[in-house]
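Enquirer: Take a look at the following structure, please.
What follows is calculated from the coordinates using simple rules that are stated; it is not laboratory data. From a predicted model like this one, the values you see are computed outputs, not experimental measurements. So basically every Cβ, Gly included, is an ideal-geometry build from the backbone, and we count neighbours across all protein chains shown.
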Amino acid sequence: MKAAILVEQNKPLVIGDVTSRSLEVGQVLVKVAYSGICGKQLEEIDGKRGPDPYLPHLLGHEGSGEVIEVGPGVRNVERGDHVVMHWIKSHGIDSAPPRLDWSDTVVSAGWVTTFSECSVISENRLTRIPKDIPLDIASLMGCAVTTGFGIVFNDAALTPGKSIAIFGVGGIGLNVVQGASLVNAYPIVAIDLHDRKLNLAREFGATHIINSSHMDPGSMLMELSGGLGLDAVVDTTGNTAIRELAYRNTTDVGKTIFAGVPFLNAQISIDSFPLHFGRSVRGSHGGNTQPAIDIPRYLKLYQQGKLDLKKLITHRIDLEKINDAVCVVRSGDAGRCVISMH
């Protein structure tokens, strides 16, 4: 089966034919239909968190597909099921990470990888879904939708009339916007460098947009909030200066939420005094999503026409051209870019 392999950091992915081994306890072989591609994969390619001890290895942590074989002990899915693949643990066995063969080279893989025609997945990284859900839409449930909505519902605990600003409106940021719109937050401020993504954010419910390539987001946020800051400010970029700016623009009893991952050893400087009086800072871990509960819930909203998920997919690229997809995501032009396996 074809797979995109990270052989060396800061180099293009290599398309190679890999062979999976016999399934171990808790492992499931999935025929991958679609995979999302997001900033996390770019971080791994770029070595954002430092040297990678597991090279060569597979990538990808959100996708959809069909179960074609289950290993010993698996009870939550069976052959023929349609599934979402996600990086957050859910129900079932936490299996050993698989190893694959690429000619005479051993290739590592995590509990979930999705940049391949087939993938060996740990049972607890799979959620079964109805077969009438389009698999391109389903792939978004592995991270982009669940993380974005989880930030709104769980991390920010946003309620009607509360204000929110989002720095970076890619796949996750757009779903923070959409989730905030669902709960009737106001204002919902989208901040980005790219007009295309800001226009998308407006379609998903942003009430105000700021292009920070030629506008000062700090002064504009203070103006919008009457100098008080917003109830919730979310950073999806991991950029040190933006994380500090997000904190400064949070109200004294509000929440600053960091969803983006910083570079290794990157540190921020904040005035900690407001933390004694109600302000909070937290790093989001997938929006504290519970996949077995939240994925079916969000898919029901999609089926009822309350979520516009198809519009999130701005680019569709075949596996063989995965490095083009990486370039698209780097450009900042994508909402969510999905990789088609077949």
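Enquirer: Does the range 300-309 contain at least one residue that is more than 24 Å from the chain's Cα centre (by Cα) and part of a loop (DSSP other than H, G, I, E, B)?
Expert: Initial filter on the range 300-309 (more than 24 Å from the chain's Cα centre (by Cα)): none.
No, the range 300-309 contains no residue that is more than 24 Å from the chain's Cα centre (by Cα) and part of a loop (DSSP other than H, G, I, E, B).
Enquirer: Here are some residues: Asp252, Asp231, Asp235, Asp271. Which one is closer than 23 Å to Leu193 by Cβ and either touching a residue at least 60 places away in the same chain (Cβ under 8 Å) or surrounded by fewer than 21 Cβ atoms within 10 Å (Cβ to Cβ) (or both)?
Expert: Values: Asp252 fails: closer than 23 Å to Leu193 by Cβ; Asp231 fails: closer than 23 Å to Leu193 by Cβ; Asp271 fails: closer than 23 Å to Leu193 by Cβ.
None of the others qualify; the one that does is Asp235.
Enquirer: Output yes when any residue across the range 296-317 is surrounded by 13 or more Cβ atoms within 10 Å (Cβ to Cβ) and among the small types (Gly, Ala, Ser), and no when none is.
Expert: Among the residues of the range 296-317, not one is surrounded by 13 or more Cβ atoms within 10 Å (Cβ to Cβ) and among the small types (Gly, Ala, Ser), which makes the answer no.
Enquirer: Those residues that are surrounded by fewer than 22 Cβ atoms within 10 Å (Cβ to Cβ) and of a type in the set (A, V, I, L, M), I need them from the range 37-51; list them, please.
Expert: Scanning the range 37-51 gives Leu42, Ile45.
Enquirer: Could you go through the range 253-269 and let me know if any residue there is in contact with a strand residue (DSSP E or B) (Cβ under 9 Å, 6 or more places away or on another chain), part of a helix (DSSP H, G or I) and within 17 Å of Pro187 (Cβ to Cβ).
Expert: no
Enquirer: Working carefully through the options Tyr34, Tyr54, find the one that is in contact (Cβ under 8 Å) with a residue 12 or more places away in the chain and crowded, with 20+ Cβ neighbours inside 10 Å. I'd like the intermediate steps shown before the answer.
Expert: Working: Tyr54 fails: crowded, with 20+ Cβ neighbours inside 10 Å.
Only one candidate qualifies: Tyr34.
Enquirer: Return only the number of the condition from (1) surrounded by fewer than 24 Cβ atoms within 10 Å (Cβ to Cβ); (2) in contact with a Ser or Thr (Cβ under 8 Å, 6 or more places away or on another chain); (3) closer than 17 Å to Glu203 by Cβ that Glu123 does not satisfy.
Expert: Among (1) surrounded by fewer than 24 Cβ atoms within 10 Å (Cβ to Cβ); (2) in contact with a Ser or Thr (Cβ under 8 Å, 6 or more places away or on another chain); (3) closer than 17 Å to Glu203 by Cβ, Glu123 violates only (3).
Enquirer: Still on this model: Inside the range 166-196, can you point out the residues that are part of a helix (DSSP H, G or I) and surrounded by 24 or more Cβ atoms within 10 Å (Cβ to Cβ)? Spell out the reasoning first.
Expert: Residues of the range 166-196 part of a helix (DSSP H, G or I): 171-182, 195-196.
Gly171, Ile172, Gly173, Leu174, Asn175, Val176, Val177, Gln178, Gly179, Ala180 - these are the residues of the range 166-196 that are part of a helix (DSSP H, G or I) and surrounded by 24 or more Cβ atoms within 10 Å (Cβ to Cβ).
Enquirer: Another question, if that's okay. In the range 219-228, which residues are outside any loop (DSSP other than H, G, I, E, B) and either under 19 Å from the mean Cα position of the chain (by Cα) or surrounded by 15 or more Cβ atoms within 10 Å (Cβ to Cβ) (or both)? Step through it out loud before you land on a result.
Expert: Restricting attention to the range 219-228, the residues satisfying the condition of being outside any loop (DSSP other than H, G, I, E, B) are 219-224.
Once the filter is applied, which keeps residues that are outside any loop (DSSP other than H, G, I, E, B) and either under 19 Å from the mean Cα position of the chain (by Cα) or surrounded by 15 or more Cβ atoms within 10 Å (Cβ to Cβ) (or both), the range 219-228 yields Met220, Leu221, Met222, Leu224.
Enquirer: What about Ile37, is it within 22 Å of Gly150 (Cα to Cα) and touching a strand residue (DSSP E or B) at 6+ places or on another chain (Cβ under 9 Å)?
Expert: Values: within 22 Å of Gly150 (Cα to Cα): yes; touching a strand residue (DSSP E or B) at 6+ places or on another chain (Cβ under 9 Å): yes.
So Ile37 fits the description; yes.
Enquirer: Determine whether Arg282 is without any contact (Cβ under 8 Å) to a residue 24 or more places away in the chain, of a type in the set (Lys, Arg) and surrounded by fewer than 17 Cβ atoms within 10 Å (Cβ to Cβ). Can you show your working first?
Expert: On the way: without any contact (Cβ under 8 Å) to a residue 24 or more places away in the chain: no; of a type in the set (Lys, Arg): yes; surrounded by fewer than 17 Cβ atoms within 10 Å (Cβ to Cβ): yes.
No; evaluated as a whole, the condition is false for this residue.
Enquirer: Filtering the range 3-25 down to residues that are surrounded by 14 or more Cβ atoms within 10 Å (Cβ to Cβ) and among the small types (Gly, Ala, Ser), which residue is farthest from Ser103 (Cα to Cα)?
Expert: Among them, the one singled out is Ala4.
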